[in-house]
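Shown next, in structure tokens, is the structure this report addresses.
The values are calculated or read from the model by the stated rules, or taken from the named source; none is laboratory data. Only a predicted model underlies this, so the values are computations on that prediction, with no experimental measurement involved. All Cβ positions, glycine included, derive from the backbone under ideal geometry; neighbour counts span all protein chains shown. Remember, those area values only see protein heavy atoms, side chains included, never the ligands or the DNA or RNA. Shrake-Rupley method; radii C 1.70, N 1.55, O 1.52, S 1.80 Å.
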Amino acid sequence: ICIMEKQVLESSEERTFQYQDSLPSLPVPPLEESLSKYLDAVKPFLNEEEYQRTEDIVKKFENGIGIELHQKLLERAKTRRNWLEDWWLNVAYLDLRISTQIHCNMGGPGPFIEHCWPPKEGTQIERASINLWHTLNFWDLLRAEKVAIERSRDAVLDMNQFRMLFCTCKIPGINRDSIGSYFKTETEGECPSHLIVLCRGRVFAFDAIHEGNMVTPPEIFRQLTYIQKRCHSEPDGPGLAALTSNERTKWAELREYLIDLDPKNLTLLEKIQRSLFVVCLDDSSPHATPEDYTEVTRLGLTGDPTVRWGDKSYNSVFFSNGVCSAFCDHSPFDAMALITMLAYAEKKIIENEGKWKGSDKVRDIPWPEELVFTVDQRIISEIGRTKELYYKKVSDLQLVHYAFTSFGKALIRKKKLHPDTFVQLALQLAYYKRHGRPGCCYETAMTRRFYHGRTETIRSCTVEAIEWCKSMLDSSASNYERLQLMHKAFAKHNKMRKECENGKGFDRHLLGLLLIAQEQGLPVPELYVDNAFTASGGGGNFVLSTSLTGYTRFSGAALPMVQHGYGFFYSIRDDRILITCSSWKSCPETDAEVLCRTVFQCFQDMLQLTVAAQL
């Protein structure tokens, strides 16, 4: 009976991907609903006359070509469980020709400096070995489908993005990139099991499995030490990885050239593409404190390009003072899947006090092999040119990553306010204070309750938010009025978030209608060339590009969406709020440091308001 019970228990445990086939399809919202939401969203950016004009354009669309486009979109949705998936991948990521490593990749610092691992020279390899081991265990759990299924309230969330954390790489194309993903669960078959290590311009590989068992931290330590000793005592390698930071077509051409130079180069490139992930041994020692992660975040995102493979879905970066960060291609997944994996490793590291408590026995495993590419003078000089361009671009980046420590989620919840909305409205107020006008804002909502769902746009700059901002700057407004307006703005934002998560947003719908028009060879409808469309952020023109990275100790960032914009990313903990804010120095009117400090001030003002209005 005992054995029978055990079997029943084991088989009744949920498997990570078991509900993938029963998730609902991504819905297409009703046309008039989406258009009415769109009209509401453009209001803050238009005067009476402009709004009238836009309203006419929208009505014309709704009663004209819009009907036909919507009909065709519904047809498409009938034959696909996610009508958006391929389109989104292409339009948002794979069709881009700019340097995606700079403009699209995401990354963030490990929070270990706050507990187990304060910055300390000489700890790089030891800490890397422990961190990598826990990450490899997560890969093992994922292959066995033992990673817990995520839920939002009671709804099962799509787990597909987790497959992309490992053995996944973007491959540059002349007109459009592609994604190679080689991960397989145990039931699906063999999965690549080697790691790539980048160090001082050189590339190494070693297997994470030896004779059927995972390598242990002491064994990883031996492999990384071997690589580091060799790199530190021999000349630097060519730094081929830097080429991934090129504009996409340029990198695609150089990749073709490399393959033509020597077919062996293709084998090596494929070895990198198929690898579990990339380990980056970086010689920098970024300053980092629990209140100020600026330098480690900046280097994590825009550090030495010869020790980052920009196309790889996960680069695990270890600095020489034992501080670490993650760096990822954004196309195959969104930040939450990554954060789940990082938080798993962190929990294990804390449980073991940052140490390895197992056996120190090191098996006789094969030494790492170096991947030596055949290069010629052209490739060497292209690497030089690429590095020069890269450093020129990233030197223009202004980025700060600070902790606001006066309060956090606990106090905000106590005031019966939603913490995410609290930060979004503080940002609206800060932007309005600094720039004297509404700032069109993109906040990521997660649509993972649908099959292969990814994101929808919450447009945080609402009429309600701006009314409240104006009252905060109007000395004749009473605190009671301000609080009423603030509650209205909160209610509106919370309603929008819920709609977006339930597939009732409008940005992806409008994108779908535009893409149908393009596929049918129809002219671009007037709605999309109307000034209101761009002014309100449409077509990737959001001045504020924002996202909550959750309620864990992990925070991360990406760069601004537009030249005159900001990247604004935040994580919310019980006692603090961490903010990463970025802008371009070459834009005279934006200043990430000032905006971040202003947001901190707005946090205080909002809290004061809830107190003052009660008096």
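Determine, from the Cβ-Cβ distance of E190 and E593 and an R0 of 35 Å, the FRET efficiency 1/(1 + (r/R0)^6), rounded to the nearest 0.05. The formula returns an efficiency of 0.10 here.
Stretched out straight at 0.36 nm per residue, the stretch from Q563 to E13 would grow longer than its current Cα-Cα span by 193.1 nm. As a calculated quantity, the FRET efficiency between D40 and S181 at R0 = 35 Å, using C-beta atoms, amounts to about 0.35. Remark: spin-label model distance E519-I174 equals 2.5 nm, labels positioned 7 Å along the Cα→Cβ axis. Just going by the charge dipole of region 89-395, with Lys and Arg at +1 and Asp and Glu at -1 on Cβ, which of F318, P172, P119 is farthest out on the positive end? Ranked along the dipole, the leading option is P172. One decimal place: the segment E68-R385 gains 109.2 nm when fully extended, by the rule 0.36 nm per residue minus the C-alpha distance. Extension gain for T267 to Q52 (0.36 nm times residue separation, less C-alpha to C-alpha distance): 71.4 nm. When DSSP beta bridges are restricted to pairs lying wholly in the chain, around 75% turn out antiparallel.
Rounded to the nearest 20 debye, the dipole magnitude of the chain is 880 debye, with +1 charges on Lys and Arg beta carbons, -1 on Asp and Glu beta carbons, and the Cα centre as origin. Label-to-label distance, S25 versus N90, with points set 7 angstrom from Cα along the beta-carbon direction: 1.9 nm. Label sites at M214 and S406, each approximated as a point 7 angstrom past Cα along Cα to Cβ, lie 4.4 nm apart. Add -39500 (n - 2.57) for each DSSP H run of 4 or more in the chain, then divide by its residues: what number comes out at 222 nm, to the nearest 500 deg cm²/dmol? Mean residue ellipticity, 222 nm, calculated: -13500 deg cm²/dmol.
For region 217-256, backbone nitrogen atoms closer than 19 Å to the point 7 Å from T374 Cα along Cα-to-C-beta are found at 238-241, 253-256.
Using a probe of 1.4 angstrom and keeping all protein chains present, the accessible surface of region 71-214 works out to 39 square angstrom per residue. Residues whose amide H lies under 5 Å from that of R449, counting only those 5 or more places away or on a different chain, are D158; hydrogens are built 1.01 Å from N in the peptide plane.
Computed from phi, the 3J(HN,Hα) profile of region 339-354 under the Karplus parametrisation 6.51, -1.76, 1.60 (θ = phi - 60°) reads 5, 4, 5, 5, 5, 4, 4, 4, 4, 5, 5, 5, 4, 9, 6, x Hz, with x in place of Gly and Pro. Projecting the Cα positions of H232, S381, N265 onto the charge dipole of region 89-395 (unit charges on Cβ atoms of Lys, Arg, Asp and Glu, taken about the Cα centre) puts S381 furthest along the positive direction. Per-atom-type breakdown for region 537-615 gives carbon and sulfur 52% of the accessible area (1.4 Å probe, protein chains only). Packing-based ranking of 110-119, 362-371, 269-278, 175-184 yields 269-278, 110-119, 175-184, 362-371, ordered from highest to lowest mean Cβ neighbour count within 10 Å.
Using +1 on the beta carbon of Lys and Arg, -1 on that of Asp and Glu, and nothing else charged, what's the dipole of region 89-395 about the Cα centre, debye to 20? Don't skip to the answer; put the middle values down first.
Values: 36 positive and 43 negative charges, 39 e Å.
The calculation lands at about 180 debye.
At a Förster distance of 30 Å, what's the computed FRET efficiency of R230 paired with I259, Cβ-Cβ distance as r, to 0.05? Show your work: numbers first, answer last.
Values: r = 27 Å, r/R0 = 0.89.
Working from the Cβ atoms, E equals 0.65.
Shown in residue order for region 173-188 are the 3J(HN,Hα) couplings computed by the Karplus curve 6.51 cos²θ - 1.76 cosθ + 1.60 at θ = phi - 60°: x, 4, 10, 8, 7, 9, 10, x, 10, 10, 5, 9, 6, 4, 6, 7 Hz (x for Gly and Pro).
With all protein chains present, how much of the accessible area of region 89-395 (probe radius 1.4 Å) comes from carbon and sulfur, to the nearest whole percent? Walk me through the intermediate numbers first.
Details: 6020 of 11610 Å².
On region 89-395, the fraction of accessible area on carbon and sulfur atoms equals 52 percent.
Other residues whose C-beta falls under 13 angstrom from the C-beta of V400 contribute a net charge of -2, scoring Lys and Arg +1 and Asp and Glu -1. Give me the net charge of I174's neighbourhood, meaning all other residues with Cβ under 13 Å from the Cβ of I174; Lys, Arg count +1, Asp, Glu -1. With Lys, Arg at +1 and Asp, Glu at -1, the neighbours total 0.
Sort 206-219, 291-304 for me by packing, meaning the mean count of neighbouring Cβ atoms within 10 Å per residue, highest on top.
On the way: 206-219: 16.6, 291-304: 23.4.
Packing proxy ranking, top to bottom: 291-304, 206-219.
Rounded, prolate or oblate: which fits region 89-395, taking a ≥ b ≥ c as square roots of the Cα gyration tensor eigenvalues, rounded meaning a/c under 1.5, else prolate when a/b beats b/c? The shape class here is rounded.
Near P27, once Lys and Arg are set to +1 and Asp and Glu to -1 for all other residues with Cβ below 13 Å from its Cβ, the sum equals +3. Here is the result for region 399-456: no chymotrypsin sites (Phe, Trp or Tyr not before Pro) lie in DSSP coil with at most 14 other C-beta atoms within 10 angstrom of their C-beta. For region 406-420, 3J(HN,Hα) computed residue by residue from phi via the Karplus equation (6.51, -1.76, 1.60; θ = phi - 60°) reads 5, 6, x, 4, 4, 6, 4, 5, 4, 7, 6, 10, 7, x, 5 Hz, glycine and proline entered as x.
Tell me, what is the per residue accessible area of region 386-505 in Å², probe radius 1.4 Å? All intermediate terms of the calculation are to be shown ahead of the outcome.
On the way: 4860 Å² over 120 residues.
Per-residue accessible area for region 386-505 comes out at 40 Å².
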